[in-house]
1. What pairs come out if I take residues in region 2-21 that are farther than 19 Å from Gly39 by Cβ and hydrophobic (A, V, I, L, M, F, W, C) and pair them with residues that are surrounded by 10 or more Cβ atoms within 10 Å (Cβ to Cβ) and modelled with pLDDT under 85 whose C-beta lies under 6 Å away, six or more apart or interchain?
2. Which of the residues belonging to the chain are at pLDDT below 90 and charged (D, E, K, R)?
3. State the number of residues belonging to region 22-45 that are over 11 Å from Gly6 (Cβ atoms), in contact (Cβ under 8 Å) with a residue 12 or more places away in the chain and either of a type outside the set (Phe, Trp, Tyr) or not in a loop (DSSP other than H, G, I, E, B) (or both).
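The values are calculated or read from the model by the stated rules, or taken from the named source; none is laboratory data. All values derive from a computational prediction rather than experimental measurement. When we count neighbours, we look across all protein chains shown, and the Cβ atoms used for this are built from the backbone with ideal geometry, even at glycine.
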Amino acid sequence: MRELGGVVIPMHRSKADPQDYMKKVEAISNIKVAPLQIGEVYHLK
């Protein structure tokens with residue numbers, strides 16, 4: 001299996017847990033999950 005890398009910024013429903021999503025994705029891939037708070041900014045490097 002080819003390992004993928006990158007960043008995911010989850011757009012989730014109000015009842016979803018972005019921290020739980022982050023743990024699941026990061027446990028099986030090299031993808032970084034960046035859950036943001038409302039109004040928070042993520043700068044690409």
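1. Listed by first residue and then by second, the contacts come to nothing, as the list is empty.
2. If the condition is that a residue be at pLDDT below 90 and charged (D, E, K, R), then Arg2, Glu3, Arg13, Lys15, Asp17, Lys45 are the ones that fit.
3. Of the residues in that region, 3 qualify.
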